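> Sharing a structure, written as structure tokens. Questions coming.
The values are calculated or read from the model by the stated rules, or taken from the named source; none is laboratory data. What you see is a predicted model, and the numbers here were worked out from it, not measured in a lab. Neighbour counts run over all protein chains shown; Cβ positions are idealised from the backbone, glycine included. Protein only, heavy atoms only, side chains kept; ligands, DNA and RNA dropped before computing areas. Shrake-Rupley method; radii C 1.70, N 1.55, O 1.52, S 1.80 Å.
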Amino acid sequence: MNMQAGIKLTAAEAALVDIYNEQLGELPGDGATLLARDTLLSDLKKAGLPTRRVEAWHYTDLKALLRAVPAFVRGADAGRVDPIVPGSAVLSVVNGKAHARVMQEGITVRSYGEALLDGSAATDLVARDGDDVIGRINGSFVRDGLSIDFEDGLVVEGPIEIQSVQNCGQVNTRFPVRFGAGSKATVIERHLAVGEAAALVTSVTDVTLADGAEVTWIIFQSEGEADTHLAQFKAELGADAKLRLYVINGGGKLVRQEIHIGVTGEGADLTLRGINLLGGESHTDVTFTVSHDVPHTTSSEVIRNVVLDRARGVFQGQICVAQDAQKTDAKMSCNTLLLSDDAEFSAKPELEIFADDVQCGHGATVIDIDHTQLFYLMARGIPENRARAMLVNAFVAEIVEELEDETLVEALEGVISDWLEKHA
């Protein structure tokens, strides 16, 4: 007689199943939503958390790294904080609970919890593919978030900050956002911790740019030193749409930031700029894919990393050009300052090209500070520590300075300088 041993769950996997069963009666949703949740949780339980054997997670063994899952804390209140750019319009989500409010005319804001309750969100609660553990965890537990719609032709003058603040427990949010044809806006998606208790934060942002929309989207993540942050940003670009995406990671113990872009309209343009500030014993993984599906599209990706102490960083980037996507122009680079003998950084840039009339390229570098430049500054009376900090700051500030808004540049340079002063 053959006996098949049951799948043994890790402590974190078992905790996710137990917490789901405990919360099942209070998670918002109609029958369709609850069925979608059950499917995601069942698939997660069967597959388990990914290990190094899963190619997309080869450098981030989540089964080994995620050792515990904090419980959901009912009634927690983290409070609001000041926006990065003074005067920005703020949409706040506090410990996973959205506070939707009326914005300017032409912007519709709705609590995502309402979409879960009426079942309209059920079609969103599906995994991208078999390796989408972030989608499965988030879809199983999401309670709230914000649905935002920008009407056609709307031009928003100042930044809008989506502020997700947490201080403990579990936080699972979703942000579906649609930009109408010809609309223009700047959005800061900010994730931060104001407490010291460990938290598990998952976030899924799904952005659609209609034809001719121009959007600057900035993700700034500064979770606590004990926190796990699993996030996914997805976007689809229509014809002649322009997306400038900035991703800044400056916190968290275990971080996985996925970015998946579909360039589906002719003339669309994607600019991605990333800054990873890694210190302590943190592990930060930025995994990026862009799919050029039509002719005459462009994309440019530059990632800058500063790695200190015993931190470990990962960048996986893939550009895929479909057979019909002739005249595609796509470039990707990853540059790393490795400032400690105990630090690590893994870079895996990829090109997958099925068209023959394209201009595509990628590259990666890992270096220490240029000692000639360091000597130059020290020879002019600048102390070594200060000289090193100046060079590191210049390395990452070059990325931020590509933004055209001086107020926004100054604000982002400020938070980066604060991190460098604290850690470097």
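> Using the alpha carbon gyration tensor of the stretch 70-150, what are the three equivalent-ellipsoid semi-axes (square root of 5 times each eigenvalue), largest first, in whole Å?
In descending order, the three semi-axes are 25, 18, 13 Å.
> Separate question: Which of the trypsin sites (Lys or Arg not before Pro) found in the stretch 45-89 are in a DSSP loop and have at most 16 neighbouring Cβ atoms, other than their own, within 10 Å? Walk me through the numbers on the way to the answer.
On the way: sites: 45, 46, 52, 53, 63, 67, 74, 80; in loops: 52, 53, 67, 74, 80.
Here the sparse-neighbourhood loop sites are 52, 53, 67, 74, 80.
> Considering only C-alpha atoms, what is the centroid distance from the stretch 177-245 to the stretch 252-315, in Å?
Their Cα centres are 12 Å away from one another.
> Using 0.36 nm times the number of residues separating residue 406 and residue 365, minus their current alpha carbon distance, what extension gain do you get?
Length gained between residue 406 and residue 365: 11.8 nm.
> In debye, nearest 20, what is the charge dipole magnitude of the chain about its Cα centre with +1 on Lys and Arg Cβ and -1 on Asp and Glu Cβ, if you could check?
In total the dipole reaches around 1260 debye.
> What's the carbon and sulfur percent of the chain's accessible surface, probe 1.4 angstrom, rounded to a whole number? Provide the component values of the computation, followed by the final result.
Numbers: 8800 of 18180 Å².
The C+S portion of the solvent-accessible surface of the chain is 48 percent.
> Pull out a ≥ b ≥ c, the square roots of the eigenvalues of the alpha-carbon gyration tensor of the chain, then state rounded if a/c is under 1.5, prolate if not and a/b is larger than b/c, and oblate in the remaining case.
rounded
> Just from its helices, what would the mean residue ellipticity at 222 nm be for the chain, if runs of 4 or more DSSP H residues each count -39500 (n - 2.57) and the sum is divided by every residue, rounded to the nearest 500 deg cm²/dmol?
Calculated mean residue ellipticity at 222 nm is -6500 deg cm²/dmol.
> Any chance you could count the Lys pairs in the stretch 1-136 whose alpha carbons are under 14 Å apart, treating pairs 8 or more apart or on different chains as valid?
Pairs that pass both the separation and distance tests number 5.
> Let me ask something else about it. Can you check what the net charge comes to around residue 104, using other residues whose Cβ is under 12 Å from the Cβ of residue 104 (Lys, Arg +1; Asp, Glu -1)?
On the way: positive: 101; negative: 105, 151, 157.
Net charge in that neighbourhood comes out at -2.
> What base-10 log of the normalised intensity I(q)/I(0) is obtained for the stretch 326-424 from the Debye formula, alpha carbons as equal point scatterers, at q = 0.11, 0.14, 0.17 Å⁻¹?
Relative scattering, expressed as log10 I(q)/I(0), comes to -0.50, -0.75, -0.96.
> For the stretch 360-424, run through the trypsin sites (Lys or Arg not before Pro) and keep only the ones in DSSP coil with at most 14 other Cβ atoms within 10 Å of their Cβ. Intermediate values should be presented prior to the final figure.
Values: sites: 380, 386, 388, 422; in loops: 380.
Counting only loop positions with at most 14 other Cβ atoms within 10 Å, the trypsin sites (Lys or Arg not before Pro) in the stretch 360-424 are 380.
> Here's another thing I want to ask about it. Mind jotting down the distance between the C-alpha centroids of the stretch 79-127 and the stretch 135-176, whole Å?
5
> Let me ask something additional. Under the rule of at least 5 residues apart or a separate chain, name every residue whose amide H is placed under 5 Å from the amide H of residue 275.
Hits under the 5 Å cutoff: 247, 248, 249, 304.
> Moving on. Mind pulling the per residue volume of the convex hull built on the Cα atoms of the stretch 220-301? Å³ is fine.
About 65 Å³ per residue, rounded to a whole number.
> Here's a follow-up. Please list log₁₀ I(q)/I(0) at q = 0.14 Å⁻¹ for the stretch 33-72, using the Debye equation with identical point scatterers on the alpha-carbon positions.
So the normalised log intensities are -0.41.
> Got a sec? What order do 352, 398, 301 fall in by accessible area at 1.4 Å, biggest, i.e. largest, first?
Accessible-area ranking of 352, 398, 301, largest first: 398, 352, 301.
> Right, next: Taking the alpha-carbon distance from residue 242 and a cut-off under 20 Å, which lysines remain once sequence neighbours fewer than 8 residues away in the same chain are dropped?
184, 234, 327, 331
> For a Förster distance of 41 Å, can you work out the FRET efficiency between the beta-carbons of residue 351 and residue 226, rounded to the nearest 0.05?
Working: r = 37 Å, r/R0 = 0.91.
Calculated value: 0.65.
> Given the chain, what percent of its DSSP beta bridges are antiparallel, to the nearest 5?
5
> Just to confirm, what accessible area per residue do you get for the stretch 233-378 at 1.4 Å probe, in whole Å²?
The answer is 37 Å² per residue.
> Taking H as built 1.01 Å from N, whose amide H comes closer than 5 Å to the amide H of residue 244, not counting residues under 5 places away?
The answer is 215, 216, 217, 271.
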